[in-house]
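The values are calculated or read from the model by the stated rules, or taken from the named source; none is laboratory data. All figures in this text were calculated on a predicted structure; none of them were measured in a lab. Cβ coordinates were reconstructed from backbone atoms using ideal geometry, including for glycine residues, and neighbour counts include every protein chain displayed. Keep in mind that these areas ignore ligands, DNA and RNA; they rest on the heavy atoms of the full protein, side chains included. Shrake-Rupley method; radii C 1.70, N 1.55, O 1.52, S 1.80 Å.
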Amino acid sequence: MTFITRLAPSPTGPLHLGHAYSAMLAHDMAQVAGGTFFLRIDDLDQSRARLHWEEQIYDDLTWLDLTWETPVRRQSDHFADYDATLHKLSEMGLTYACTCTRRDIEAAANAPQEGVPQFGPDGRIYSGTCRNAGHAYSDAKCIRLNMRAACEKALPAHFEESGPDHAGTHALGLDTMVSTVGDVVLARPNMAASYHLSVVLDDAATGVTDVIRGADLFDATAIHVVLQNLLGLPTPRYHHHKLIRDDNGKRLAKRDDARAIAKYRADGASPADIRAMVGL
Ligand code: GLU
C-alpha cells in the first residue's frame, strides 16, 4: 500500500510542541508503512509568512532528527494553479462574489434561530446575502463556494478516518453541509486561495495518500472532500491526532512561545525529551 504523508506548517511563528508531535507522528507512521514523508511550507498568507520562520522550521525539524523528501513544496510557488482552479469552479457555476464586510456578516447573524449553529469549521456560517446577487468578481471581498450547489454535484461522498476520536467511515450529507458549514471562502483579493482550496490542491499535487494533522481540523475535512470530488481529485485517508495542550488544557498556538521547540532546545532538552513530553 502506498503511503505518502506530509507536515504542512505555516511559517508565521515558531513551531511548538504540537507541531513536534504532528511531525514525529507523521514521520513515524510513514516509516512504519515504508512510505514517504513530505514537508510543505504553507506560506499562503504572505502578509504573515516570514523567511526566518521558514528557516527555523527546517532547523527545528532537523534537530528533531526528522528527514523529508525534497524539494520542499511552497504554496507561494503555486498561486497561478490556485487561481486556475478557482476559475474552473466558477465556470461550473459553483462560486460567487461576496461583498459583505465582517460587520455585514455579523449583522445578518443578529437574530439567531434556536438550535441553528452559528459557527462552523470556516468560522461564522454565512447567511447567503450575496449568493444570488450577481456581484462582479472585481468588487468581491471574497469568493465563496455555493455549498448547496457544490454538494448537489459532489455527493455522495465519504472519507475514512483512523484517528482516536472519530475512527470510521464518514458519509457527507447535503443538509448537514449546508446548515453546519455553509458557503465557505475560497479566495480573497489579497490571498490566492483559502486554506481549504489550497490544501486540496497541494495534497493532490504531491500524491498524498494519508493526511495526518490535528483534531482541530477534523470538521474541515468534509469541505476538502467536497472540493476533491468537484475537481476529480482522489480523497486521501485521514488521521486526526490528539492536540497537545498547555497545563490549563488550552490548545497550543503559535504565540505560545513558552512551548516553542526552540525554547526547549535552548534550555538543553533532547529530541528524546520532546518525544516523552508529547507521549510518543
Ligand atoms: N498549514 C495548515 C496548518 O498549519 C496545514 C493544516 C493541514 O495539515 O491540513 O494548520
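Some points to look at:
Here is a yes/no grid of residues against (1) open to solvent by less than 70 Å² (accessible area, probe 1.4 Å); (2) among the aromatic types (F, W, Y); (3) farther than 18 Å from G123 by Cα; (4) without any contact (Cβ under 8 Å) to a residue 12 or more places away in the chain:
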residue: H158; (1), (2), (3), (4): no, no, yes, no
residue: A193; (1), (2), (3), (4): yes, no, no, no
residue: V199; (1), (2), (3), (4): yes, no, no, no
residue: I223; (1), (2), (3), (4): yes, no, no, no
residue: Q228; (1), (2), (3), (4): yes, no, yes, no
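- Verdict on T176 being β-branched (V, I, T), closer than 24 Å to L230 by Cβ and in a strand (DSSP E or B): no
Listed here are the residues, each with its yes/no results for (1) surrounded by 14 or more Cβ atoms within 10 Å (Cβ to Cβ); (2) out of contact with any Asp or Glu (no Cβ under 7 Å at 6 or more places or on another chain); (3) among the aliphatic types (A, V, I, L, M).
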site: F119; (1), (2), (3): no, yes, no
site: G128; (1), (2), (3): yes, no, no
site: A133; (1), (2), (3): no, yes, yes
site: A140; (1), (2), (3): yes, yes, yes
site: A149; (1), (2), (3): yes, yes, yes
site: E152; (1), (2), (3): no, yes, no
site: P164; (1), (2), (3): no, yes, no
site: T169; (1), (2), (3): no, no, no
site: V208; (1), (2), (3): yes, yes, yes
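- Checklist (1) farther than 19 Å from W68 by Cα; (2) crowded, with 16+ Cβ neighbours inside 10 Å; (3) more than 11 Å from the ligand (Cβ to nearest atom) applied to G214, failing item: (3)
- Residue in segment 50-64 that is within 13 Å of the ligand (Cβ to nearest atom) and either at pLDDT below 95 or among the β-branched types (V, I, T) (or both) present: yes
Here is a yes/no grid of residues against (1) out of contact with any helix residue (DSSP H, G or I) (no Cβ under 9 Å at 6 or more places or on another chain); (2) more than 30 Å from Y21 (Cα to Cα); (3) within 13 Å of the ligand (Cβ to nearest atom):
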| position | (1), (2), (3) |
| --- | --- |
| F159 | no, no, no |
| A167 | yes, no, no |
| L201 | no, no, yes |
| V208 | no, no, yes |
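- R103 falls short of the stated requirement of being open to solvent by 60 Å² or more (accessible area, probe 1.4 Å) and under 27 Å from H241 (Cβ atoms).
This table checks each residue for (1) part of a loop (DSSP other than H, G, I, E, B); (2) within 14 Å of the chain's Cα centre (by Cα); (3) under 24 Å from A30 (Cβ atoms).
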| site | (1), (2), (3) |
| --- | --- |
| A193 | yes, yes, no |
| S198 | no, yes, yes |
| L201 | no, yes, yes |
| A204 | no, yes, yes |
| G207 | yes, no, yes |
| R213 | no, yes, yes |
| D216 | no, yes, yes |
| H224 | no, yes, yes |
| N229 | no, no, no |
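- Here is the figure for segment 40-60: residues that are touching a helix residue (DSSP H, G or I) at 6+ places or on another chain (Cβ under 7 Å) and closer than 25 Å to L197 by Cβ total 6.
- Residue in segment 46-67 that is open to solvent by 50 Å² or more (accessible area, probe 1.4 Å), without any contact (Cβ under 8 Å) to a residue 60 or more places away in the chain and touching a Cys at 6+ places or on another chain (Cβ under 8 Å) present: no
- Of residues in segment 226-247 being aliphatic (A, V, I, L, M) and within 13 Å of the ligand (Cβ to nearest atom), the one farthest from L186 (Cα to Cα): L243
- Residue match in segment 21-30 (condition: within 11 Å of the ligand (Cβ to nearest atom), in contact (Cβ under 8 Å) with a residue 60 or more places away in the chain and either surrounded by 18 or more Cβ atoms within 10 Å (Cβ to Cβ) or among the basic types (K, R) (or both)): yes
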